[in-house]
Amino acid sequence: KGEVVITYVDENGNELKDPKQDTPKSPYDTPYDTTEEGEKPNTIEKDGKTYKLVPKGDYPVGKVDENGRLEKSDPIKGKVEKPKSTITYVYKQVGNVYVHYKDTEGNELKTSVKDMDQQPVDSDYDTVVDNRPQEIVKDGKTYVLVPAGNYTVGEVDNQGHLKSSDPTIGKVAEQDKNVTYIYKLKEDPKEGEVEITYVDDKGN
């Protein structure tokens, strides 16, 4: 008889959750499948951090195939053929980057967006290219990015970015990042008037 156990580690080989027994001691040739529901989670939460199954590649722990399986561990599906088969899935820490849109008083103008959704730590992000509209329309009113300056909400740089929020461009970190852009009501074009004057041929 033999058993099949699944282990879950980060890219350095540290255990992220307790091993799971896929198949208890069973006769050789018993089929097993470690991709069933609950056995190969896409993400794992540990100590308030989120880890995601890694793509194929080389990691400190070793080579990982397209299934997120450490290549030197046993196949994800097969038959019991030794006292203990161990399948290891490898995960990497991920983080999010949120972008917020507010007016100079700090009121929300539109729903926040996720610029990066559960992407590996140290991935590059750029909210300027993706998620910095020049104008926002709310309740029929148009708002535009503010120029650099001090506002009720705080100091804003020349990108319309609230300086106290996370940088507009950077790298995904363990903690979620929050980038805020500030807008103000678009001013109406200046009103003007037309005046008619009456003069003689000498300009009087």
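The values are calculated or read from the model by the stated rules, or taken from the named source; none is laboratory data. None of the values given here were measured: they were computed from a predicted structure. Positions of Cβ are generated from backbone atoms using ideal geometry, with glycine treated the same way; all protein chains shown enter the neighbour counts. Keep in mind that these areas ignore ligands, DNA and RNA; they rest on the heavy atoms of the full protein, side chains included. Shrake-Rupley method; radii C 1.70, N 1.55, O 1.52, S 1.80 Å.
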Peptides 194-201, 32-39 ordered by average Cβ neighbours within 10 Å, highest first: 32-39, 194-201
Accessible area of GLU135 in the full protein assembly, 1.4 Å probe (Å², nearest 10): 90 Å²
The set of residues whose placed amide H lies less than 5 Å from the amide H of THR88, leaving out same-chain residues fewer than 5 positions away, is THR7, LEU70, SER73, ASP74
Pull up all non-local amide H partners of SER165: gap of 5 or more, or a different chain, and H-to-H distance under 5 Å with H placed in the peptide plane. THR180
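Heavy atoms only, probe 1.4 Å: what % of the accessible area of the chain goes to carbon and sulfur, would you let me know?
With neighbouring chains kept in place, the figure for the chain is 44 percent.
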When only C-alpha pairs under 8 Å and at least 6 residues apart count, what is the relative contact order of the chain, in percent? 18 percent
Go through the stretch 176-188 residue by residue and turn each phi into a ³J(HN,Hα) via Karplus (6.51, -1.76, 1.60, θ = phi - 60°); whole Hz please, and just put x for glycine and proline. 4, 10, 10, 9, 10, 10, 10, 10, 9, 4, 5, 6, 6
The answer for the stretch 102-197, accessible area per residue at 1.4 Å probe in Å², is 65 Å²
